Every structure is written in C-alpha cells, then in structure tokens.
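Novice: Just passing along the structure, written as structure tokens.
The values are calculated or read from the model by the stated rules, or taken from the named source; none is laboratory data. All figures in this text were calculated on a predicted structure; none of them were measured in a lab. Ideal geometry is used to build each Cβ from the backbone, glycine not excepted, and the neighbour counts take in all protein chains shown. Calculation scope for accessible area: heavy atoms of the full protein, side chains included, ligands and nucleic acids excluded. Shrake-Rupley method; radii C 1.70, N 1.55, O 1.52, S 1.80 Å.
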Amino acid sequence: MSISRRRFLSWMGAAGAGTAALARPGHSATTQHFEGYADAGAVLFDSVICIGCRRCEAACNRVNDLPAPERPFDDLTVLDERRRTHWDSYMVINKYYPNGKENPPVYGRMGCNHCLEPACASACFVRAFDKAPTAAVTYDETVCVGCRYCMVACPFEIPTYEYHKVISPRISKCTFCHPRLEKGLLPGCVEACPTEALTFGTREDIIATAKERIRRHPDRYIDHVYGEKEMGGTSWLYLSGVPFSQVGKREDLGYIAAPKLTSGALAAVPIVVGLWPVLLTGIYAVSKRREKIAKEEKENAVAQAISAEKAEAEANLTQEKEKAKKDKEAAVEKAVKKALEDAAKEAEEAGKKDSEEES
Amino acid sequence: MSHDAAHKPIMSPFVIVTGILLVIGLFITVMRFTGGLAATTNLSDYNPWGIWIGFDLLVGVALAAGGYVTSAAVYIFGMKRYHSAVRPAILTGFLGYALVVFALHYDVGQPWRLPYPFIMQSGTTSLLFEVGACVALYLTVLFIEFTPAPLEWLGFKKARNLVVKLTMVLTIFGVVLSTLHQSSLGALYLIAPSKLHPLWYSGYLPVFFFVSSVVAGLSMVIFEGSLSFRYFKDKMDEAHMRDKEDVAFGFAKAASFVLAGYFAIKVIGIAVDNNWAYLATGYGAWFLVELLGFVALPAFLYAVAVRDRSMTLVKYTAGWTVLGIVVNRLNVSLIAFNWHLPASERYFPHWMEIGISLFIVTIGVIAFRFIVTRMPILYEHPDYEAH
Amino acid sequence: MEKGRSLVRWTGIGLAFLLIAITGMRVQGVEAPYKEPEGLRADILVIDTLKVFGELERPAVLFLHDQHTDALEKQEKGCKTCHLKDASFTLIPDTLDEAIRRIDPLSPKFKRLKDESRQEVMDIYHDECIGCHTRTADEGYESGPVTCGECHQKEPEVVSVRQEMGMDLSLHYRHVKAREKKCGVCHHKFDEIKDQLFYAKGEEGSCRYCHREVKEENRISMRLASHVACVNCHRDMVDQQKETGPIRCAGCHSEKMQARIKKVDPLPRMERNQPDAVFVNITETAEMSADMKARMAAVPFDHKAHETYNDTCRVCHHEGLETCSTCHTLAVAPDAGKKVNLEQAMHQENTKTSCIGCHMMEQAPKECAGCHNFMPKDRKQDDAFCKVCHSVAPAQAAAADKDEESQKAANVLEARKTRMDPIPESEIPETVTIKAIEKEFEPAIMPHRKIIDRLQKGVASSKLADHFHTDRATLCQGCHHNTPPAVKPPKCSNCHGKPFSEKKPIMPGLMAAYHRQCMECHKNMGIEKPAAVDCAGCHKEKKK
C-alpha cells in the first residue's frame, strides 16, 4: 500500500507465472527525490544536550518488552565500552571523548535512522520492511526469510539478527515505536529523555528546530544537521558540537538514497531480457544459415562433380561409338574396295585369260 | 552390486574421505537445525554473511557457469565441434545450482520460507529477488536440459526426444537467466558502497561478475574435463576422447581473450573512480595480487598454452583461474567487505561453516560420480548416436 | 603538628629554589637569565632569502641568532661582525638621529646592504658563514657547521616558540618616562614634499598604523622598523652602560621573558589629548539629507574608563586614533572602513573592536556564563535594551567644541545611577519545590534564594553588569527568561508544557526545561555537584 507511494523500481511482472521481467518504465532514471510523507514524524538527537543518563535505553527496553540487560540501566560504567545495537537492544548510547579524556565526554546514539528511502526496504526480497506514513521503517516478521541482506545493505549497520534462535529468528531493530506513534504517543526514548536531547516533531519542524539551535548558538554546534541529506535523508536527525565522525557517525556515506545505488543494475534487467533472446536467436539463425549454406555448397559441389563425370563419360561413349562406326564404315569400304579390286582383278585375269586364250 | 564394487575394494580412499566428510556434515547439520546459526557460525550483527554466502553461493554459482557457456557456444554459436562437452557441463551446472539452493537452506534463518518471495510477496526492488528468481528458474532450466541423460538411461524415448526438441529455447532462456543472476550477484553489493573497499566496489560490479563468470565457466569445463579424463576414462566414448583436446584448446583460447577483456574493464573500473591511490595500501597490494596474479597471469598462460599446444599448461591454468574466481568472490563478499571495521569486529569462518561447505562439495562430487558412472554423460547412448 | 610539618616542607622548598636561582644566575649571567627548554627557541631566523630569485634548491636554513650573539660576545666581538653600517636609517632629522648618533645604525641583512643577485647572496652566506666557522674553530672556540646538510636540514632539530611582541600602555609609559616625554625619538611622520621623516607634535599614533606586516610603498615593514628602531636604540644605551631593554631575540620574543617585563602600577593615563568622555554620534552637517538626520540617540561613552580596560589603544582604534565615525560612516562609502558601517562597527558580535562584541566576550567568565550562555547569539534585543546606551537625543548631544561635548557626556555618565538596590530577601522565595515528575521521584527542593545570592555575588564587582543589568529583577531573567523583568515573574510551567508541544519543538517541555536550565547553568558556572546524571542528587527516587 504505502510502498506504491515510493518511487522504487519495479520490474517483475509475474514471478509465479515463471516469465521474466516486464519493466515498468520511467523509474530507474528518475530525478525525483522522496522527501518523506507529509506530517510524518522525526526525531532530533542533540549530542550537545545529551547527558548520557541511559534513560532512553531503559525506556526502549521497557516499551518494547525486551529482556532485562545483564547490568542495569542506571549502571553508567556500561558506557565505558563501545557498544552497538543487538537483538535485545534497539538503540544504544555511546560515550566519546573527542577532546581528550581530560575534557567532558560527548554522547552519541546508535539506532535505526528510519531513512526516507531505506536501504533495508529496497534490499528486502519479500518486502518485509516498509516506510510507514508515521515515518517508521517497520518490519514484518511473518514473511522474513532470514537472508540478512538488509543487514548487508544498511549503511548505518543497524539491523541485527537473532542468531541464537532456531525456529523463528527475526531481524530486530528500532521500530520508532510505530504502535505508540499510531496511538498518538511519543516514542519511548523521546518520552523518557530528561533533557529533550531527543525531540519529536514533524520532519520540517525538526529540521527547522535543529537549524535554529545552530543559529542561536553557532559556537556550540557544527553547522550541519546529520540526516537531513545523508543517504537521501533520514527521519532521525542529529546535531553535534564536534565533527560527526567523532561521535560514531560516518561522514562518508554520501547523499544518494540507497535504492538509487541499485536502480541502474535493475534497469539493466529489461535490457538483458529484451535484447539477449533477440540477439541470441539472431546469432543462432546466422550460424544455422551458415551451416545450411555450407551444406548446400557441399551438395552442389558433389552434384557438379557427379554431373561433370557423367558428361565426360558420355562424351567418351560418343567418341567410342563414332570411332566404332568409323571403323565399321572403314571396314565396309575396305571390304567393298577389296571386293571391287578382287572383281577387277578377276576380270583382268579373266581378260588376260581371254587374251591369252585369244592369243 | 555396483559397477565399482565388482572391481574395487569397498574401502577405497575415496569412500573413506567422503564418508568422513559426510558424517561430519550430517553432525553439523543436526547442530545447525537444533542450535541455530549462533551455534554453528561466526556470523555477527556486523557480518551477516559468511562463507555460506561468500563461497557456497557466490563461488558456487560462478563455477556452475560452465553449463550456459558451453551450451551457448555449441547450440547458439554453432560450435558443434564442442558438442561432447555439453553434457558434462550441463551436469556440473545442474549439480552446482542444486547445491547452491541446498546450501542456502543452511544459511537463511527460516529456510522453509525460501519460496516466500514468489508466493507471499515480492520485493521487486531487491537485487536478491532477481538473483532468487533467476536461480530458481535457471535451476529448472538446467534440470530440463539435464533430463535427456536420465531419460536415455531409463529408456524413455518419447520424453527424451520431446526434451531434445526444446534445446534451443532452453539454451537461450538459460543464457538470459545466467546473464541476469551472474551479474546480479555482483550487483548485490552495489547497495553497500560504504562497506566494500573502493578498489572492489565499482559501478561495474555486475559487469565484472558476469564477465568473470564466463571465465569461470570456460575454465571449469577444462578443469572438470581433465579430472573426468583422469577418473572416468573408462566411461568416455571415442568422440569424447577425440574431442577432449579440441575442447580444451578452444575453451582456453576463449578464456584467454575473455580474461584479457576482464583485466581491461577492471583497470577501467579503477580509473573511472580514480582509485589509484588505494593501490599503494595493503588492500591495494592484495588487489594487485588478484588482478595480476589471477587475471593477467592466466590470460597470458592460456595464450602460451594454446600456442604451444600444451595440454598440461592448459589444465593447470584452468585450475589456477578457478582458484582466482574463488579469491575474487571471497574478496568481494568477505575480505574487502567491512574493511572499515576494527580487526576485532571482522569475520572469520567457524570450523563448522567450513565443514558444511566441504560437506556440500562432497555431495556434489558423489552425485557427479553416481551420474557419470550410470548415465550417458561422457559417451553417447548407442540408441541415439545419430543425434 | 600538621601545620609545623608543612612549614618545614615549604621552607625547604623555598631554600632549594633560592639556591638554584643563585647558582643559575652565576652560570648564565645577568644578560640571559632564562633559557627555553632544549629544542624550543625564540630566536630562530629562517634564511630563505634566495626565495625572491626562484625556488630553493635546498631546505631553508634555521639560524639561531642569540646563539651567535652569545658566541661573538665570548670572542669579544660585536654585531658589526655580521651586520654592515646602514646610513639610510638615520633619516629622522632630530630626535632619533640624535638618540643613536653615538653608534652606527646597522643593516639587518647579513654582510650586505642589498640583495643584488642570487649568486652573490648565496656566495656571501656560504663564504662568510663557513669561513667564520672555520676560523673560529681554528682559534679554538666552539664553532658551527661547515658542511651542507648540517645547515640545510630537512627536518630541523629546533622548534620556534617565538611570540609576537608589542608595546602595551605600561611599556609605552616606561619609554615616555625614560625619554622624558620626547615623543619624537620614536614617533614620526613622512613629509612627501621634502621626502623625509619629521616629528609632528600631537599627531602620534601606533607604529602599526603605517608600518604594516610587509613593506607598503616607502614604509618599511613593522618587523624591520621595530628591529631597526628598538634594537639600535637599545644598543646605544648598552654602549652608554645605561639600563635598557633587550637586544637579544629572546628578550622580547620569548614568552617567559615577556612575562618579566615590569608593569607600571598604577599606570598614569596616556597623554594624547584624548577626551574623558564622548558621544558616539553622527554630527549633523548641512549636506545631510532629511532622512539622514533622523538617527539613533547618541551614546555617551566613558573613554577614560575604557582606556584602563585594554592593553593598547589599538584594541578599539585599530586603524588610527581618529573617531570611529571617521571611517565607519552611517551609509557605507565603497572604500571606507572595509565596508563596515557605523552600526556594524558598534554592534558586531565576535570581534573585540565593536562595543557589543567586546562586551559579549566579557560574559565568558563563569560568574556570567551561567545566565549568558543560554542567550542566543545575534538575537534581536528589545527596545528598552537599546536605550541603555542610546540615551541622549542627538540634539542634546550637540556641542560647540570637543571640550563641551566631553563635559556634556561626562555629566550624563555621572548622572546615571550605576547600581540597582537589590530585591529585599523577604520577597525572594527561599526554596521552590518542584513536583513535575513525582510519579517516579520525590519532589526536588530547589534552594531558590541561595541561587540568587550566588548570582548577585558573582556580578557584585562588575561595572559592566551594573550598567547593563538595568532592573533590579534583571538577574531573575537568567532563569525566568523571555519575560519582562519582574519581582514576581511567571513560573516555568506557565510556558513549558507537559511533556512538550510537537508543534513547537524548539521550546522544551517542562521536564527538559528544568533539567537543561539547572544542568547547563551548573556546567557553565563550574558547579560540579550534583553531576548531571546523579538523579538522586536533586530528587530522591521514589520507593515503590
């Protein structure tokens, strides 16, 4: 439903029918950019205001019914080691010392940023992920096969997997408290934050708020709202007083939304499907024809050879016949001549005899 | 009972080794499906894909490319001289793809849901969907292409003749599907430019994968041919024996050209993204090993071998090239992937992962042996010698 | 007992210091009592003279000037060993000339007066340096390098810690006193017609007004000017065996030595005919158009007081001693004052040369930062705030001459009431109980009066605060912000909702408003307890 509003590539006609792709045109080379649903929520995390109390983590754990952690949430020594999201923790706060250990620490959040055009949703081959109108990137565990391509695709390395489960392992990640949002409640972490280092509002308002904070205190903030443009824009945005790379945010991700990275390759599908059979059949026809011509030529050659031989034989025969005829004629002539000569001789002899007789 | 048993002792080294591997494989299989992925793999939240994808899927599919390459050459390009290579290549391809799909059952979390993309809902924006759809379809195609051999073996003439009539359509279909999914396996990584090392990440990844799959297909036919000659000589008919060298040199020549082209586009890939500076780093050295040692070198060696008509060199080069494909696929999927992570977060396979990969290769070898010793693969069935 | 032991310890340490100091002095002599740590030097000169002729073939040479001065002294040689006499530096007809007549002014260049050609300059350095090093070594002294790589080092062994030197009001006063107010010894102007320098009484200004970073037209660089004038004059005094300033590099340019320069206290006021007070105002002129005449009220400015707030006049008078409006006009003339108009010149933030900019920098100390750090930068001030400075109508500020203006302005300043009476304690709630999150926590008891006391103490001695905290409830606005000053200001919850308004995310909800206000103020004022994450430090967790 909502996916139809995203301008994602769609190329498969009917996979069940077993035929290959039919391209829906016009999407792969689009210049459009999805700015998010109107009035969809967004959260601003301000690391200048965050005091690192972990109450957001505790609230996240509570509202999502996650298992209790080994060490309680009020144990702040947990922050001494660098942590990441895990199947049982949708978000974590990390402590950084960008200005050296002698200066106060700065805190950073790691958790799903709920991209406007999520890499995970684009990568999922059962459409288990969806960008809901509330701005939450939701996950449907009832269709998930467990290929974990979403984890490969996510530039923020957010989705985690229940590797320990045998029967129905799931992807787990921050849900943006989607059910709470639908009820009009705040996300658990935002509600719990004592200093509103986490602030909720519409994305427009949140970006405006972030920029206003920078404007009011240019000495405190880096002049950049992380997530405004990163990976095509996210619904979780960040402010920081130190370069973002020093509070665990990668600054080399670029502004291109994940689906655009693969749209080129997907656009090649109709080209291959359309061109290859035509070309290959053509090549087949050419090679077949070449074969046929070769065959015909061979046959012709044979026929020619045969007929030439025949002609020669016939010619020989005629010659022979003529020769025989000539021989015969010559023999007849000869015989006639001989007969004539004999007759003449006889006559002469007879005459002689006569003359002799006469004489 | 069996043909072999009549002549050889039951406990041949082959039986012992495969037996052990099968037993280990079955043990790990039990572990995998009772203890989950955590019990058998070193996969983590940073490293969702291990060698079951990097080797079993990527390498498996690449090395099974012989099927479409050979059938295309013979049936489409009309190189009838190589006809004797088609059936072994199709068989290798079929077994390869079947085992890839089999291996995926180990890797995915809920294997019984593997058909979901086709029956529940389709994520058509996913390159993995393209891969899945094409692999599924191509496996079907390969199966049909393979059926004449068992049908001849079983003596179903009518069915066999019907299938043979489909050869042309199946071949074209096979080439289309192979082009799509061979390249898409590379395109899978297009979505993660921030995770794959710039020397391996390129907009040309799908092209690299497709072109190198042609190389892999050609080399595998040579490689597998030489192995067959060594182990199943008695199964080969005169035509196969006679054409064997012809096929090897022909394919070696083709492989040499394609490798040279592959080398060129790899270099263009670096130039386009202006990644020259990375060559001076540690990853750069490893990249050069792959590019020079496993692409440029075999291209040269194939050429030399063809010129000198050296069968030995062709065989060894084929083996080396196959190894190069393995190196390339592992580089993209594991070694250069997640290069930005600290060493402590990097992936190295669990022994059980390696065990399953060996198990699957073993099944392939056994199945190949079973079929080759029974069905008309390396010889033409006397009933159908006319065609 | 404890006290006694500590006394012994301190005496010991003191004695040790004394001993080290005395022996140190003996070893190093009076002339160079301080040495920078190994490798750090204030006397590095980079010899890259050949740059003007093209690219350098070898790395530039780092020359240690003081090391050479010391070495020559040991050999009883002087500056003239390296520097030639340069007559062109005796150009000021009267005083400076007279001041240094006894010595030869020397060229700062090495063994030459001009850079003629690449080959010549290179030869001078090579021949003279290597020659001298060889001779010195032959004579049995410690000497310098003679091979190429020893001077032309790719990776130098020394690091420069040279500090900029300047003349502050105190040092200036000492020179004035020593020279018996003969300003012309140093101050001069240039007569273009006569093509010479002369001294103009009453027109003295900072050297840097004319001598810039690099040579401009015929005005030599500040660096050259200061070394020629200061060092030569000091040399002369040394010659006369009088007390004088440094002649070694480190004397002026090392941080430690700068700290040792004596400060005059109390410092008598500079005598340059400056007014005690002025109006910052645009004087009405005949050619002014009607709309130009409509302008802001004049600002009475306590010039005398501001003289004491800064080290030099140049902090405000950055280009000359004229009035600000000489360059910073109402409308910006294309070339005037780098296109900064008068409004910007007075109000720009982040610069010490504007009124507001400088005043905002004065808010950095932690006594002020608690409130002021919260306030957005570059915000529009309310109208009443403008009037704190702009308090005199232009017509009333008009005066016949400077003296009258100064008198008028001084009267206004005098009449201004400087300090508000504090709010009586009885009107300040002693504590405020906050129950905003009572579901989870016990109420927090905020020591409201204690906080106000602390704030009041912090600004008690600040004239700046007295001037700008115009209402007796101004301090309350530190927390009760965005409302007019009032002894009974609105409560936090009047504006900050619960939890917060999604429609206006810039305004925090009540819980965040409390937390941020308390925590940031504590942080800014350097109050470490309770820590921001110590919840129970303010409100005990509720037992369930």
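Table: residues versus (1) modelled with pLDDT under 90; (2) within 14 Å of chain C (Cβ to nearest Cβ); (3) more than 29 Å from the chain's Cα centre (by Cα).
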{"site": "A:ARG7", "(1), (2), (3)": "yes, no, no"}
{"site": "A:THR19", "(1), (2), (3)": "yes, no, no"}
{"site": "A:THR31", "(1), (2), (3)": "yes, no, no"}
{"site": "A:PHE34", "(1), (2), (3)": "yes, no, no"}
{"site": "A:TYR37", "(1), (2), (3)": "yes, no, no"}
{"site": "A:PHE45", "(1), (2), (3)": "no, yes, yes"}
{"site": "A:CYS50", "(1), (2), (3)": "no, yes, yes"}
{"site": "A:VAL63", "(1), (2), (3)": "no, no, yes"}
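Novice: How many of the residues making up the stretch B:58-74 are buried (at least 24 other Cβ atoms within 10 Å of the Cβ) and within 14 Å of another protein chain (Cβ to nearest Cβ)?
Specialist: 5
Novice: Could you tell me whether any residue of the stretch C:475-483 is in a helix (DSSP H, G or I) and either open to solvent by 30 Å² or more (accessible area, probe 1.4 Å) or over 21 Å from C:ASP382 (Cβ atoms) (or both)?
Specialist: Yes, there is a match, as at least one residue in the stretch C:475-483 is in a helix (DSSP H, G or I) and either open to solvent by 30 Å² or more (accessible area, probe 1.4 Å) or over 21 Å from C:ASP382 (Cβ atoms) (or both).
Novice: In the stretch C:281-303, is there at least one residue being within 30 Å of C:ASP70 (Cβ to Cβ) and among the hydrophobic types (A, V, I, L, M, F, W, C)?
Specialist: For the stretch C:281-303, residues within 30 Å of C:ASP70 (Cβ to Cβ) and among the hydrophobic types (A, V, I, L, M, F, W, C): absent.
Novice: Mind telling me which of the residues A:ARG82, A:ARG54, A:ARG62, A:ARG71 ends up being touching a residue at least 12 places away in the same chain (Cβ under 8 Å) and farther than 22 Å from C:MET511 by Cβ?
Specialist: A:ARG82
Novice: Would a scan of the stretch B:109-120 turn up a residue that is among the charged types (D, E, K, R), out of contact with any Lys or Arg (no Cβ under 7 Å at 6 or more places or on another chain) and open to solvent by less than 10 Å² (accessible area, probe 1.4 Å)?
Specialist: No, the stretch B:109-120 contains no residue that is among the charged types (D, E, K, R), out of contact with any Lys or Arg (no Cβ under 7 Å at 6 or more places or on another chain) and open to solvent by less than 10 Å² (accessible area, probe 1.4 Å).
Novice: Return yes when A:SER245 is modelled with pLDDT of 90 or more and not aliphatic (A, V, I, L, M) and no when it is not.
Specialist: Considered against the rule, which asks whether it is modelled with pLDDT of 90 or more and not aliphatic (A, V, I, L, M), A:SER245 comes out as yes.
Novice: Scan A:SER235, A:SER263 and give me the residue that is open to solvent by less than 30 Å² (accessible area, probe 1.4 Å), within 25 Å of B:SER202 (Cβ to Cβ) and either touching a Lys or Arg at 6+ places or on another chain (Cβ under 9 Å) or modelled with pLDDT under 90 (or both).
Specialist: So the residue among A:SER235, A:SER263 that is open to solvent by less than 30 Å² (accessible area, probe 1.4 Å), within 25 Å of B:SER202 (Cβ to Cβ) and either touching a Lys or Arg at 6+ places or on another chain (Cβ under 9 Å) or modelled with pLDDT under 90 (or both) is A:SER263.
Novice: Would you pick out the residues in the stretch A:170-190 that are under 36 Å from the mean Cα position of the chain (by Cα) and within 19 Å of A:LEU237 (Cα to Cα)?
Specialist: Of everything in the stretch A:170-190, those that are under 36 Å from the mean Cα position of the chain (by Cα) and within 19 Å of A:LEU237 (Cα to Cα) turn out to be A:LYS173, A:CYS174, A:THR175, A:PHE176, A:CYS177, A:HIS178, A:LEU181, A:PRO187.
Novice: While we're here: Can you name the condition, by its number, that C:PRO505 falls short on among (1) touching an Asp or Glu at 6+ places or on another chain (Cβ under 8 Å); (2) open to solvent by 40 Å² or more (accessible area, probe 1.4 Å)?
Specialist: With (1) touching an Asp or Glu at 6+ places or on another chain (Cβ under 8 Å); (2) open to solvent by 40 Å² or more (accessible area, probe 1.4 Å) applied to C:PRO505, the lone miss is (2).
Novice: Right, here's the next one. For the list (1) under 19 Å from A:LYS131 (Cα atoms); (2) within 12 Å of chain C (Cβ to nearest Cβ); (3) of a type in the set (Gly, Ala, Ser), I need the number of the one condition that A:ALA192 fails.
Specialist: (1)
Novice: Go through the stretch C:271-296 and give me each residue that's open to solvent by less than 60 Å² (accessible area, probe 1.4 Å) and of a type in the set (A, V, I, L, M).
Specialist: Selection gives C:ALA277, C:VAL278, C:VAL280, C:ILE282, C:MET288.
Novice: Would you be able to tell me the number of residues in the stretch A:155-190 that are in contact with a strand residue (DSSP E or B) (Cβ under 9 Å, 6 or more places away or on another chain) and not small (Gly, Ala, Ser)?
Specialist: Going through the stretch A:155-190 one residue at a time, the tally reaches 21.
Novice: Then there is this: Cβ contacts < 9 Å: first residue within 12 Å of A:VAL48 (Cβ to Cβ) and facing another protein chain (nearest Cβ under 10 Å), restricted to the stretch C:516-528; second residue surrounded by fewer than 19 Cβ atoms within 10 Å (Cβ to Cβ) and aromatic (Phe, Trp, Tyr), any location; separation 6+ or different chain. Result?
Specialist: C:ARG516/C:PHE374; C:GLU520/C:PHE374
Novice: If only one of B:GLY250, B:GLY217, B:GLY269, B:GLY225 is more than 30 Å from B:LEU378 (Cβ to Cβ) and surrounded by 15 or more Cβ atoms within 10 Å (Cβ to Cβ), which one is it?
Specialist: Matching residue, one of B:GLY250, B:GLY217, B:GLY269, B:GLY225: B:GLY269.
Novice: If you scan the stretch A:270-292, which residues turn out to be under 19 Å from B:PHE210 (Cα atoms) and within 7 Å of chain B (Cβ to nearest Cβ)?
Specialist: A:VAL272, A:VAL273, A:TRP276, A:PRO277, A:LEU280
Novice: Sticking with this structure for a sec: Would you confirm whether any residue within the stretch B:89-108 is part of a helix (DSSP H, G or I), of a type outside the set (A, V, I, L, M), open to solvent by 20 Å² or more (accessible area, probe 1.4 Å) and within 13 Å of chain A (Cβ to nearest Cβ)?
Specialist: The answer is yes, given that some residue of the stretch B:89-108 is part of a helix (DSSP H, G or I), of a type outside the set (A, V, I, L, M), open to solvent by 20 Å² or more (accessible area, probe 1.4 Å) and within 13 Å of chain A (Cβ to nearest Cβ).
Novice: May I ask you to verify whether C:MET511 is closer than 30 Å to A:LEU76 by Cα, open to solvent by 50 Å² or more (accessible area, probe 1.4 Å) and not small (Gly, Ala, Ser)?
Specialist: Here the answer is yes, as C:MET511 does meet what is asked.
Novice: Of all residues being open to solvent by less than 70 Å² (accessible area, probe 1.4 Å) and in contact (Cβ under 8 Å) with a residue 60 or more places away in the chain in the stretch C:197-207, which is nearest to the chain's Cα centre (by Cα)? Just the residue, please.
Specialist: Checking each candidate, the answer is C:SER206.
Novice: To continue, here is another question. Just for the stretch A:176-189: of the residues that are open to solvent by 10 Å² or more (accessible area, probe 1.4 Å) and under 28 Å from A:TYR255 (Cβ atoms), which one is farthest from the other protein chains (Cβ to nearest Cβ)?
Specialist: My answer is A:HIS178.
Novice: Here is a follow-up. Within the stretch A:148-164, can you find the residues that are more than 7 Å from every other protein chain (Cβ to nearest Cβ) and either surrounded by fewer than 23 Cβ atoms within 10 Å (Cβ to Cβ) or not in a helix (DSSP H, G or I) (or both)?
Specialist: Correct list: A:CYS154, A:PHE156, A:ILE158, A:PRO159, A:GLU162.
Novice: So which of B:LEU330, B:LEU334 is closer than 18 Å to B:TRP49 by Cα and surrounded by fewer than 21 Cβ atoms within 10 Å (Cβ to Cβ)?
Specialist: Just one listed residue meets the conditions, B:LEU330.
Residue-by-condition table, conditions (1) part of a loop (DSSP other than H, G, I, E, B); (2) surrounded by 15 or more Cβ atoms within 10 Å (Cβ to Cβ):
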position: C:PHE374; (1), (2): yes, yes
position: C:ALA399; (1), (2): yes, yes
position: C:GLU405; (1), (2): no, yes
position: C:LYS439; (1), (2): yes, no
position: C:LYS450; (1), (2): no, no
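Novice: Filter the stretch C:216-260 down to residues that are without any contact (Cβ under 8 Å) to a residue 12 or more places away in the chain and under 24 Å from the mean Cα position of the chain (by Cα) and give me whichever is surrounded by the most Cβ atoms within 10 Å (Cβ to Cβ).
Specialist: Applying the filter and picking the extreme gives C:GLY251.
Novice: Another one. Between C:SER117, C:SER143, C:SER160, which is within 29 Å of C:ASP43 (Cβ to Cβ) and within 26 Å of the chain's Cα centre (by Cα)?
Specialist: C:SER160
Novice: Mind checking which pairs have a first residue in the stretch B:26-54 that is more than 7 Å from chain A (Cβ to nearest Cβ) and a second that is open to solvent by 10 Å² or more (accessible area, probe 1.4 Å) and acidic (Asp, Glu), Cβ under 7 Å, 6 or more apart or different chains?
Specialist: From residues that are more than 7 Å from chain A (Cβ to nearest Cβ), there are no pairs.
Novice: Right, another one. Against the condition of a type in the set (Gly, Ala, Ser), closer than 15 Å to A:ALA40 by Cα and surrounded by fewer than 19 Cβ atoms within 10 Å (Cβ to Cβ), how does A:ALA208 come out, does it pass?
Specialist: yes
Novice: Looking at (1) within 28 Å of A:ASP252 (Cβ to Cβ); (2) among the charged types (D, E, K, R); (3) surrounded by fewer than 21 Cβ atoms within 10 Å (Cβ to Cβ), which one does A:LYS173 not meet, given that it meets all the others?
Specialist: For A:LYS173, the exception is condition (3).
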